[in-house]
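A quick write-up on the structure given underneath.
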Amino acid sequence: MRWGRADPSFLRSYSRINLITLSSFGKYFLPGPTEVRPAVLDAMVRPVIAHRGPDMEALMGRIAPRLQYLFQTERPVYVSTSSATGLMEAGVRNCVGRRVLSLVCGAFSERFYKIALACGKTADRVDVAFGLANEPDQVADALRNNAYDALTVVHSETSTGVINPLEEISAAVREISPETLMLVDCVTSLAAAPVRVDAWALDFALTGSQKGVALPPGLAFGVASQRAYERSLQIPGRGLYFSFEAFEAAVANNQTSNTPAVPLLYALDLQLGRIEEEGLEARWARHQAMAERTWRWVDELRVRQGIDVWVLAEDGRRSASVTCVALPDGVSGVEITRRMAERGYTIASGYGKLKERTFRIGHMGDHTMEELEKLLEVLASVITDES
Ligand SMILES: *Cc1c(COP(=O)(O)O)cnc(C)c1O
């Protein structure tokens, strides 16, 4: 074939190769990027279209209401060609004039704090031990001591498998310091566990494409409350690429502010349809069931096999999409992930300071209970051998 205009027959044969080589879904359990269904990958292989034109507007027009459903919001959802960290930075740059409070319970929530510092803001942090959640009373104390433009919180902390009580934290902020904006990283909770942006009065909620939404990496989505958007217009130095003003103007015309990752938008279009078909609440329930199965499996290993493993996150504060398993002395998380790789399975070792002492399973995105059961069976034999 000759290069030039996209040749449809070439595209079709390429698609078939994708479908064949990538049909072994069910072996890749990282807590992000998560495994992507072959049909969703396949949707990306289409001709490039101009990002200022009717095809793009039609595509964005289909995507917009379904993203609102995902975030449970009436506000427009911004589509950013960046990873999720880009929108964490956007939250800080658009919403914080001077001072921010960061709730820290692991590596990603600490990243929010570091972004605030890197953007030249004054940041205070409230820490808890790994495995614990940030609790509303702790937040209330901090808010009584100082005035903050905004608060940063990670809903599902992917490094520890903890889920923070977001609705309660938001209620505490509203009560004690109603002017403080809630900036929320929902990267491993959105499309995996209940997130209700409007009902919970979240001022900026964001996620990336490669976690709960189960797309390849490269896009991020975020929604700002009306008041957060208005506040952003008063904040100097908020930049351009990530300014709420630019996102808001683009989305009003079913456009993106700059050249987007078009192939990922094709995949998003398909995946949003798949999510709608499953139903958001059914999707949440599937994640919760996979999480509970994983926690039970950890308990069984301990009780029946006498191996001293435990779920790092405290009971009642566990994420539906990622479980962090703590290991006994002398057993290495890195070694376990390596042994799993030899058997064709991908799981994650611990993150940051927890690298050796834990491993993590991402029961996230499009995985199902049957696939998880197979993984846990292989994993049990690996851990039994190692201990
Ligand atoms: C993965 C992750 C991020 C970072 O996402 P990038 O897309 O790599 O920028 C941020 N927060 C949480 C909770 C995550 O799990």
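The values are calculated or read from the model by the stated rules, or taken from the named source; none is laboratory data. All values reported here derive from a predicted model rather than from experimental measurement. A quick note on method: Cβ atoms are made from the backbone with ideal geometry, for glycine too, and the neighbour counts reach across all protein chains shown. Surface accessibility is based on the protein's heavy atoms, side chains included, excluding ligands, DNA and RNA. Shrake-Rupley method; radii C 1.70, N 1.55, O 1.52, S 1.80 Å.
Among the numbered criteria (1) more than 22 Å from the chain's Cα centre (by Cα); (2) within 16 Å of the ligand (Cβ to nearest atom), which single criterion is violated by residue 250?
Unmet condition: (2).
For residue 173, which of the numbered conditions (1) without any contact (Cβ under 8 Å) to a residue 40 or more places away in the chain; (2) surrounded by fewer than 24 Cβ atoms within 10 Å (Cβ to Cβ) fails to hold?
Checking residue 173 against (1) without any contact (Cβ under 8 Å) to a residue 40 or more places away in the chain; (2) surrounded by fewer than 24 Cβ atoms within 10 Å (Cβ to Cβ), the one that fails is (2).
I want to confirm something. Restricting to the range 75-91 and keeping residues that are surrounded by 24 or more Cβ atoms within 10 Å (Cβ to Cβ) and not aliphatic (A, V, I, L, M), which single residue is farthest from the ligand (Cβ to nearest atom)?
Out of the qualifying residues, it is 78.
Kindly list the number of the only condition in (1) open to solvent by less than 10 Å² (accessible area, probe 1.4 Å); (2) within 15 Å of the ligand (Cβ to nearest atom); (3) not in a loop (DSSP other than H, G, I, E, B) that fails for residue 34.
Unmet for residue 34, out of (1) open to solvent by less than 10 Å² (accessible area, probe 1.4 Å); (2) within 15 Å of the ligand (Cβ to nearest atom); (3) not in a loop (DSSP other than H, G, I, E, B): (3).
Checking the conditions here, which among 313, 341 is among the small types (Gly, Ala, Ser), assigned by TED's automatic domain parsing to the domain that holds residue 299 and in a helix (DSSP H, G or I)?
Unique residue meeting the criteria: 341.
List every residue pair whose Cβ atoms lie under 6 Å apart, where the two residues are 6 or more positions apart in sequence or sit on different chains, the first residue falls within the range 185-212 and is closer than 24 Å to residue 264 by Cβ, and the second residue, located anywhere, is near the ligand (Cβ under 10 Å from one of its atoms) and modelled with pLDDT under 95.
What qualifies is 210/32; 211/32.
Restrict the check to the range 326-338 and report whether at least one residue is in contact (Cβ under 8 Å) with a residue 12 or more places away in the chain, hydroxyl-bearing (Ser, Thr, Tyr) and in contact with a Pro (Cβ under 9 Å, 6 or more places away or on another chain).
no
Regarding the range 130-145, can at least one residue be identified that is at positive phi and away from the ligand (no atom under 14 Å from the Cβ)?
The answer is yes, given that some residue of the range 130-145 is at positive phi and away from the ligand (no atom under 14 Å from the Cβ).
All but one of (1) outside any strand (DSSP E or B); (2) within 13 Å of the ligand (Cβ to nearest atom); (3) open to solvent by less than 40 Å² (accessible area, probe 1.4 Å) hold for residue 103; state the number of the condition that does not hold.
(1)
Here's the yes/no breakdown for (1) in a helix (DSSP H, G or I); (2) at pLDDT below 95; (3) farther than 20 Å from residue 178 by Cβ:
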{"position": "62", "(1), (2), (3)": "yes, no, yes"}
{"position": "79", "(1), (2), (3)": "no, no, yes"}
{"position": "85", "(1), (2), (3)": "yes, no, yes"}
{"position": "97", "(1), (2), (3)": "no, no, no"}
{"position": "108", "(1), (2), (3)": "yes, no, yes"}
{"position": "116", "(1), (2), (3)": "yes, no, yes"}
{"position": "120", "(1), (2), (3)": "no, no, yes"}
{"position": "134", "(1), (2), (3)": "no, no, no"}
{"position": "142", "(1), (2), (3)": "yes, no, no"}
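If you scan the range 194-218, which residues turn out to be more than 9 Å from the ligand (Cβ to nearest atom), open to solvent by less than 10 Å² (accessible area, probe 1.4 Å) and among the aliphatic types (A, V, I, L, M)?
Those that are more than 9 Å from the ligand (Cβ to nearest atom), open to solvent by less than 10 Å² (accessible area, probe 1.4 Å) and among the aliphatic types (A, V, I, L, M): 195, 197, 202, 205, 213, 214, 215.
For residue 178, all conditions in the list (1) farther than 30 Å from residue 83 by Cβ; (2) within 16 Å of the ligand (Cβ to nearest atom) hold save one; what is the number of the exception?
(2)
Can you say whether residue 225 is of a type outside the set (A, V, I, L, M), modelled with pLDDT of 95 or more and on the phi < 0 side of the Ramachandran plot, as far as the supplied structure shows?
In short, yes.
Among the residues of the range 110-125, are any under 28 Å from residue 280 (Cβ atoms), surrounded by 16 or more Cβ atoms within 10 Å (Cβ to Cβ) and in contact with a Lys or Arg (Cβ under 9 Å, 6 or more places away or on another chain)?
No, the range 110-125 has no match at all.
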